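Report on the following structure.
The values are calculated or read from the model by the stated rules, or taken from the named source; none is laboratory data. This is a predicted model, so every value here is computed, not measured. Backbone-built Cβ (ideal geometry, glycine too); neighbour counts: all protein chains shown. With ligands, DNA and RNA removed, areas are computed over all heavy atoms of the protein, side chains included. Shrake-Rupley method; radii C 1.70, N 1.55, O 1.52, S 1.80 Å.
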Amino acid sequence: MNPKLLASFKVVLFLALVYPPIFMHLETLPLRVWDEARLAISAHEMLQNNNYLIPHYEGNPDMWGTKPPLVIWTQALFYKLFGLGELAVRLPSALAAFFTALIIMLFSVKYFKSYWLGLISVLILITSYGYINNHAVRTGDLDAPLAFFTTLYCLSFFLFIELKERKYLHLFFLGLTLAILTKSVQGILFVPALAIYLLIGKRFLNVVKNKWFYIDLLLCITVVLGYYLSREHYNPGFLEAVWKNELGGRYLSALEGHGYPFMFYYDQLTTSKYAEWFLLVPCGIIAGFVIKDEKLKRITIFSSLMIVSYWLIISISETKCEWYDVPLYPFLSMTGAITIHYVFSLLTEAADSKRIAGFYLIPFLFLVIVFFKPYQKIIDKVYFPKENNNEINEMRISYLLKEAVQSKRSIKNHFVCYAGHNAHLSFYLILLNKKDQHVGFKDWRFLMPDDIVIASQDKVKDYIEKNYLFEETNKYFNVKTYKIKGARIGIIGYQEVPEHKKTIYLKAFNGKYLGATEAMNHLVLADKDKASRLTILEKRVCKIVSDEGLFFSADLGQQNEITASRKIANDWETFTMIELDNNFVAFKAFNGKYWGIDTKSLQLSANSDTIGVQEKFRVINSSGAR
């Protein structure tokens with residue numbers, strides 16, 4: 001075959017195989033509840049406030065998602081190019097996955113002079129169930145871009161060591177810098193394995209004697225420190241939040257319920273996320289050492305170090321999120337490809353020796369047999385994307401809002417009643433209100449006659465049906481639409497109780513007053529000698545407003561810390577005030593926990609199951625009366 005024609009065929013084959021698992025029906029599923037939706041909203045707010053240094057969420061600096069904003073910048077760019085929507089949110093992840101596949105292919109062609117080893121590695125990667133997945137390639141999260149940059153800098157480092165070409169050192173530091181700007185400390189987790197590889201190969205001195213190593217290292221540190229210090233300057237308390245969320249806090253303690261056993265990631269890979277290919281990894285390691293090919297042996301040692309080192313680091317961490325293993329997949333796939341490529345090469349050599357036309361098809365028939373079923377399974381997954389059975393009811397309301405955005409139904413002038421974190425719904429409300437649909441959130445406990453409300457959660461629907469006279473105007477699976485006619489007889493409705501404002505001061509067990517700090521997203525501390533004025537809005541439950549006009553909230557902290565940070569009050573800004581003896585009160589948050597003061601940090605948080613000394617607060621009126 002003509003060499004140019006053959007090269008063109010190989011490019012087309014690569015693109016044809018890679019495109020569907022990564023890009024097909026990318027915008028079908030609604031935004032996911034947590035990280036993806038928050039990133040999407042932060043990117044939108046970035047375009048609104050033109051603050052490209054500090055990502056915001058609901059108008060405040062985001063101190064929960066403390067990662068650098070590289071992905072948010074990219075999403076904001078795609079909003080400008082393609083408009084606000086799921087596609088723009090998810091394109092950074094999809095493009096990162098495509099370029100990861102391309103890097104693996106180019107690496108194979110460059111180092112091994114083998115197109116087929118590269119293609120086999122890529123096919124394993126794009127048929128890995130845990131890689132072509134939510135919170136990885138198929139959603140707008142940080143993990144697929146992180147995997148792209150870590151793969152870039154690891155393979156560039158390997159080529160620099162092996163080929164001694166300076167351009168690969170520059171690519172290594174470029175990839176490392178972008179990995180850190182994508183997901184902070186997780187971007188450097190392969191660096192210990194790279195150092196071990198240097199020591200094993202006795203090439204450490206060769207690297208540290210290279211002047212460009214120090215020049216590039218200095219540039220990397222300058223860019224990274226420049227971002228973090230600039231953010232701290234304009235957003236005081238940011239570095240403290242980074243420490244709690246990403247460094248000591250996340251690694252040394254299990255945050256947000258993500259505490260799992262040491263073997264969590266191994267079990268995930270072997271039972272579901274990489275089950276079809278996992279046995280190829282040890283086989284590939286053995287083959288890499290047995291086959292008499294020095295280059296193959298080196299990449300086997302290198303990939304094995306990357307896999308084992310990274311796996312150990314994330315497995316030792318107390319906080320284990322299931323998507324932390326995404327950067328492993330490129331190296332797992334390259335290692336697993338060694339065995340399949342070895343069999344492919346043997347069949348190719350046998351076909352060459354026979355010199356019979358039909359025999360040349362046998363190696364390719366072998367690849368078709370190996371990959372047909374896994375590839376078909378992945379195509380089914382992306383062509384007919386389905387919700388997890390555990391999440392389907394939770395996501396129904398998102399589908400309803402998505403249909404409204406697509407003008408398939410009208411919910412103009414409706415309210416959404418939703419308990420808990422609602423970023424995934426807020427995104428669609430933004431889209432709807434850009435179309436002048438006037439859809440907003442409303443607390444289901446304080447509905448008014450003629451309100452038309454949408455609810456999907458059982459406890460919210462139960463409350464509405466028990467406490468209001470209503471007409472059910474629509475039902476979409478578990479999502480109901482109600483037209484409120486009034487409160488039931490004997491039940492105090494919101495409209496029957498006028499809002500009562502009272503200025504108070506709250507003194508904690510240590511004799512100090514509660515007040516909001518300027519740092520850490522206006523964290524509330526019991527450390528004030530001078531009384532800080534608070535306004536309490538009393539109904540059946542209460543909302544508390546700081547002197548700066550911001551509502552107390554239990555929603556933003558990693559450990560349910562109370563912050564004075566919200567401009568709008570919802571369920572997490574609503575507290576039950578319990579009157580105790582001797583003019584003491586206690587407060588219960590939406591999570592069912594009582595307010596309490598930490599004796600060391602003096603932080604106010606909603607973590608207590610019972611009312612003790614630290615959960616009691618003395619009410620002092622604005623006049624000074626107790």
Inset, instruction - Among residues belonging to region 446-491 that are more than 23 Å from residue 396 (Cβ to Cβ) and among the hydrophobic types (A, V, I, L, M, F, W, C), point out the one that is most open to solvent (accessible area, probe 1.4 Å). - result: 489
Legend entry - Yes/no for residue 71 being over 23 Å from residue 223 (Cβ atoms), touching a residue at least 24 places away in the same chain (Cβ under 8 Å), of a type in the set (A, V, I, L, M) and crowded, with 16+ Cβ neighbours inside 10 Å: no
Legend entry - Where residue 396 falls short, out of the listed (1) part of a loop (DSSP other than H, G, I, E, B); (2) under 30 Å from residue 437 (Cα atoms); (3) not hydroxyl-bearing (Ser, Thr, Tyr): (1)
Inset, instruction - Scan the helices (runs of 4 or more DSSP H) fully inside region 173-283 and keep the ones with 2 or more residues being within 26 Å of residue 305 (Cα to Cα). - result: 191-200, 204-208, 211-234, 248-252, 264-268
Legend entry - Lone qualifier among 102, 106, 125 - being open to solvent by less than 10 Å² (accessible area, probe 1.4 Å) and not hydroxyl-bearing (Ser, Thr, Tyr): 125
Legend entry - region 263-284 - residue that is over 22 Å from residue 300 (Cα atoms) and without any contact (Cβ under 8 Å) to a residue 40 or more places away in the chain and, of those, most open to solvent (accessible area, probe 1.4 Å): 271
Inset, instruction - Could you list all residues from region 329-348 that are among the hydrophobic types (A, V, I, L, M, F, W, C), out of contact with any Ser or Thr (no Cβ under 6 Å at 6 or more places or on another chain) and touching a residue at least 24 places away in the same chain (Cβ under 8 Å)? - result: 332, 338, 340, 344
